[in-house]
1. Could you check the stretch B:151-177 and list, in sequence order, the residues that are touching a helix residue (DSSP H, G or I) at 6+ places or on another chain (Cβ under 7 Å) and in a loop (DSSP other than H, G, I, E, B)?
2. Hey, could you check the stretch B:42-76 for residues that are outside any loop (DSSP other than H, G, I, E, B) and more than 11 Å from chain A (Cβ to nearest Cβ) and say which is surrounded by the fewest Cβ atoms within 10 Å (Cβ to Cβ)?
3. Among (1) within 13 Å of chain A (Cβ to nearest Cβ); (2) surrounded by fewer than 18 Cβ atoms within 10 Å (Cβ to Cβ); (3) assigned to a helix (DSSP H, G or I), which single condition is residue B:79 missing?
4. Within the stretch B:148-158, identify whether any single residue is touching a strand residue (DSSP E or B) at 6+ places or on another chain (Cβ under 6 Å), surrounded by 12 or more Cβ atoms within 10 Å (Cβ to Cβ) and at positive phi, and answer yes or no.
5. Only one of these is surrounded by fewer than 24 Cβ atoms within 10 Å (Cβ to Cβ) and under 28 Å from residue A:213 (Cα atoms): A:14, A:63. Name it.
6. Quickly run through the stretch A:24-56 and pick out the residues that are in contact (Cβ under 8 Å) with a residue 60 or more places away in the chain and within 14 Å of chain B (Cβ to nearest Cβ).
7. Could you tell me which of the residues A:223, A:162 is surrounded by fewer than 22 Cβ atoms within 10 Å (Cβ to Cβ) and facing chain B (nearest Cβ under 9 Å)?
């Protein structure tokens, strides 16, 4: 079954969508959309380093994403606004990464694959890494779920209940770095943030509890990955961007439908 | 002793907010912190829960202390969907029935399916109290918990605190600006203005010059906190 590249692509897309859904919800709730973006951009530097040192791409990306995320977490609140810091670090990391890659004359052609991903080139080994990483992230987020929610809701309430907001932030940061590292091959640096945020944003109008929002986001992400993949096959378009386009369309539909549905009961009240 | 501080000083952004504060709360007592705006009342509470690190001095908490905390202001981002029942199940899951009872006790029954951000200020304040009480706290920390409540709601609130103190035998530390109401409901008063100006029973504190200069009360206001003389007059003594 894994011999078919389309099957592998579908499984890779579903794996990433499942892990990205709950994580994307936290990114939306904590208003750190830029954070996902910055971590993803820094991943480019990781790709360059791995190619220079001939180490597995996954490892290099993971290390650089983690460093970036931890650096931003530590520096924020020390005189710079978060968005300024992220803007500086994300784009400089991407620029340094691109320059570093250009020194490797032999691999210049592969650059597009890391910027936009190449889900159709996923190997069985890649699939193992993707599902392993995603399963780890899902397990971690599920295990810390209640504490993560409380820390997201209000840091002081978390402190009072013996939950450390700093530790929970670290759990999210590490999870984010893992998802970026495994998803880079599927959707690429430029579209990872979209995979994280758009399904969660589309799920918001239909959710009454945090769990419902994560579940609906996972459903939208998986459905979008499969449908986008199929569409790209028929239209002969690049797969990663097609998936994101499809999910973005779902977001527009969700907005239109929720305006119709949610505003009506308020009028009756 | 549930919680105590020794020589506690806190600096926030280079500014000295608390200076050499010694205080404590024991099981079963209600302690009120009064003080003008910016006197470090909320910072003291936030230091007690561990959200603010002391620059010098220390905070001692009893082993396994469960804290119920009602903050002064709580902003819930509307990107986060959250029903009242779900909110009450944080950080520990609660049975629906327990949630319903807690809401009823707080005077907001039937709100469990409502979204938290759709509540009015007063309703939300009561939901926060219900959540704090659900975990059977040893220590209840209330930061101006009655703001946003109407007068009747505020009176009911203090009655519930008194009741909770009796059933749970917990310590209560509260911040309030409603001096007249609070002075009747509290065992001890700590008057804070960066440091502890004075402390003791409501009667002793209100008669100190520090308290009177801080709150700028004229005589009639200050005396209003005392029991009216006729209540404890000679007529009463003869009955005894």
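1. B:170, B:176
2. The first filter runs over the stretch B:42-76 and keeps only residues outside any loop (DSSP other than H, G, I, E, B), leaving B:42-48, B:56-61, B:67-70.
Going one step further and asking which of them are more than 11 Å from chain A (Cβ to nearest Cβ), we end up with B:43-44, B:56-60.
Working: B:43: 19, B:44: 27, B:56: 12, B:57: 17, B:58: 10, B:59: 18, B:60: 12.
Result: B:58.
3. Of the numbered conditions (1) within 13 Å of chain A (Cβ to nearest Cβ); (2) surrounded by fewer than 18 Cβ atoms within 10 Å (Cβ to Cβ); (3) assigned to a helix (DSSP H, G or I), the odd one out for residue B:79 is (3).
4. First pass over the stretch B:148-158, keeping only residues touching a strand residue (DSSP E or B) at 6+ places or on another chain (Cβ under 6 Å): none.
Looking through the stretch B:148-158, none of the residues is touching a strand residue (DSSP E or B) at 6+ places or on another chain (Cβ under 6 Å), surrounded by 12 or more Cβ atoms within 10 Å (Cβ to Cβ) and at positive phi.
5. Values: A:63 fails: under 28 Å from residue A:213 (Cα atoms).
When all the criteria are applied, what remains is A:14.
6. Let us first name the residues in the stretch A:24-56 that are in contact (Cβ under 8 Å) with a residue 60 or more places away in the chain, namely A:24-30, A:33, A:35-37, A:39-41, A:43-44, A:46-47.
Hits for the stretch A:24-56 are A:24, A:25, A:26, A:27, A:28, A:29, A:30, A:33.
7. Details: A:223 fails: facing chain B (nearest Cβ under 9 Å).
Selected residue: A:162, the only one of A:223, A:162 that is surrounded by fewer than 22 Cβ atoms within 10 Å (Cβ to Cβ) and facing chain B (nearest Cβ under 9 Å).
Yes/no matrix, rows are residues, columns are (1) more than 14 Å from residue A:115 (Cα to Cα); (2) within 12 Å of another protein chain (Cβ to nearest Cβ); (3) at pLDDT 95 or above:
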| residue | (1), (2), (3) |
| --- | --- |
| A:185 | no, no, no |
| A:188 | no, no, no |
| A:208 | yes, yes, no |
| A:213 | yes, yes, yes |
| A:218 | yes, no, yes |
| A:230 | yes, no, no |
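The values are calculated or read from the model by the stated rules, or taken from the named source; none is laboratory data. It should be emphasised that the depicted structure is a prediction, and the values quoted were computed from it without experimental measurement. For neighbour counting, all protein chains shown are included, and Cβ atoms are generated from backbone atoms with ideal geometry for every residue, glycine included.
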